[in-house]
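The values are calculated or read from the model by the stated rules, or taken from the named source; none is laboratory data. Predicted model only: the values in this text are computed from it and were never measured. FYI the Cβ positions are ideal-geometry reconstructions off the backbone, even for glycines, and counts take in every protein chain you see. Calculation scope for accessible area: heavy atoms of the full protein, side chains included, ligands and nucleic acids excluded. Shrake-Rupley method; radii C 1.70, N 1.55, O 1.52, S 1.80 Å.
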Amino acid sequence: MLPRTQQFLRASASVRSISARTISSLKACIVGAGPAGYYTAQRLLKRNDHIHIDIIDRLPVPFGLVRFGVAPDHPEVKNAINTFTQTATGFGDRCRFIGNVEVGKDVRISELEKHYDILVMTYGAENDRKFGIPGEDAPGVYAAREFVGWYNGLPKFADLAIDLSKAKSAVVFGQGNVALDIARLLLMPIDKLAKTDICQHALDAIAASTLSSIHIVGRRGPLQASFTIKEFRELTKLPGVQGHVPSYAENINIDELPRPKRRVAELMKNKAGSSGDADGGKSWHLDFLLTPREVLTSNGRVSALRCTKNKLVGDDIMSQRAEPTDESHDISCDLIVRSIGYQSRCIDERIPFDTKTYTIPNEHGRVVGKAGLYCSGWVKRGPVGVLASTMTDAFDTADSILEDIDSGLTSSSQTGETHHWSHSLGKDLVDFTGWENINQEEISRGENKGKPREKIVNINEMLRIAKR
Ligand code: FAD
Ligand code: NAP
């Protein structure tokens, strides 16, 4: 592999060499209009004047987890949409959005290969990891992906009948930032939540919630929790909510820790041993060293999560593993949200897929053994990383593509387009103007309620509005 600076030079040289050759334009198709898709497109469009890109999404609306994942009370994160919109609108017809097309179902990769020189898989991680324990499918157990999709208006989960009006206690299993997002939204003052772009159905359910305590549970110890300081601090600052961290966190030796971990550990230490429930109020509890073993039910609904107690093994405190003991511990609860990570899947047999890592095998985004096929984002490296790392990763893939164009490995083999493949699908498609119609409608529905937007959650309604 060339050092990155040399790759950059070669990539920018490719712009010149391509423009010197009078070749027809290169056609690229990006599958997935999330951050990885738009960041990859941005880099390619800026660095090569001859690339034309179609960005396909299975939904009628773009932006993936920025719309359907990022918490409603984090509007500043959603500003990334402005950058994606510049990419979508700033290059004329060199960048097209084609929404409401599911690759692998509505159109196969073999078909797309006939029409494009370059295919980039950026379809994210649309499944979730499971515990693999008895009772996991009982009513009252949700995957974080479902729960987050429900409050953020993902059409598939918008109709989930989540009733919080009788629940007292919830378990959010997993100690990543997604788990903290969920716990925070459930504990936040409702008047604050009402000013966000949370969907009305979720706002109503949370307003009616009787939940008073939320256990955020991890299989390892305080130092291995994967949430970050900003998100943890937000949890500790919720008004009227008591935080509880087990007293053994007082013994953490902060001086031994790398900087980002030190700040999280310091905050945990400050909270350690603090009392549980506020008087009649709400509380969150960090519970460590527990592995789920069984979901217990009563009258057909969740009543507790039975866990095995763990101990930590391994010398390096940052990467210690959990090992089960003979002891067990039940956490009474009326609701369980399993927040142990998203998971990617294979959408078409022509795309190599590693069923151990649930990613597409690749080298710097080049799919192994498949010239012209690339990947970026969560399907490339697994379901971890914030927008900044997804951007860096997308640029890495784009640079590989530019390098392959420059070296002649990828070239234009397609003839002029007389009939776009998507016209034969026989279904309504949404272009970027169609999305802008939906966007406007959502913003105006939100204005009436003092919210930034009220999301449309029904696909047929989206399609109708897109056509206006
Ligand atoms: P995605 O965003 O999932 O995009 C994939 C796209 O592919 C989707 O639009 C999907 O509809 C489409 N697609 C899927 N299958 C197909 C198919 N078969 N055909 C066509 N299209 C398809 N990062 C932050 O920096 N700050 C945050 O606050 C933050 N909050 C988060 C909250 C949650 C709940 C989650 C899960 C993640 C959060 N992240 C946050 C991380 C961030 O969202 C990811 O880094 C980023 O979205 C990954 O981008 P991606 O494009 O790989 O995947
Ligand atoms: P994550 O950070 O990887 O956390 C997953 C959690 O699940 C960890 O506590 C992990 O514990 C646990 N886990 C995994 N497999 C398990 C199993 N089989 N049994 C029990 N526990 C298991 O993932 P995430 O919370 O889904 O977040 C995904 C990415 O999005 C992260 O990079 C996150 O930072 C980002 N994100 C960012 C924000 C933000 O910036 N505000 C918000 C949300 C998400 P172990 O460590 O023991 O494996």
Inset, instruction - Determine if segment 334-344 includes at least one residue that is assigned by TED's automatic domain parsing to the domain that holds H115 and either away from ligand 2 (no atom under 16 Å from the Cβ) or farther than 30 Å from V141 by Cα (or both). - result: no
Legend entry - Test: R381 is away from ligand 2 (no atom under 16 Å from the Cβ), modelled with pLDDT of 95 or more and of a type in the set (K, R): no
Legend entry - Hey, F131 at negative phi and in a loop (DSSP other than H, G, I, E, B) or not: yes
Legend entry - Any chance T308 is closer than 29 Å to R58 by Cα, more than 16 Å from ligand 1 (Cβ to nearest atom) and among the polar types (S, T, N, Q): no
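Here is a yes/no grid of residues against (1) in a strand (DSSP E or B); (2) more than 6 Å from ligand 1 (Cβ to nearest atom); (3) of a type in the set (A, V, I, L, M):
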residue: L44; (1), (2), (3): no, yes, yes
residue: D54; (1), (2), (3): yes, yes, no
residue: P62; (1), (2), (3): no, yes, no
residue: V70; (1), (2), (3): no, no, yes
residue: T85; (1), (2), (3): no, yes, no
Legend entry - Selection status of R108, within 16 Å of ligand 1 (Cβ to nearest atom), charged (D, E, K, R) and in contact with a Gly (Cβ under 7 Å, 6 or more places away or on another chain): no
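Conditions (1) touching a residue at least 24 places away in the same chain (Cβ under 8 Å); (2) basic (K, R); (3) farther than 30 Å from N253 by Cβ, marked per residue:
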position	(1), (2), (3)
V313	no, no, no
D316	no, no, no
H329	yes, no, no
S332	yes, no, yes
R338	yes, yes, yes
P352	no, no, yes
Inset, instruction - Might you check whether a residue that is closer than 17 Å to F147 by Cα, assigned to a helix (DSSP H, G or I) and within 16 Å of ligand 1 (Cβ to nearest atom) occurs anywhere in segment 195-205? - result: yes
Inset, instruction - Would you check if there is a residue in segment 232-244 being open to solvent by 30 Å² or more (accessible area, probe 1.4 Å), away from ligand 2 (no atom under 16 Å from the Cβ) and outside any loop (DSSP other than H, G, I, E, B)? - result: yes
Inset, instruction - Select from segment 145-188 the residues that are of a type in the set (D, E), in contact with a Phe, Trp or Tyr (Cβ under 9 Å, 6 or more places away or on another chain) and away from ligand 1 (no atom under 12 Å from the Cβ) and list them in ascending order. - result: D159
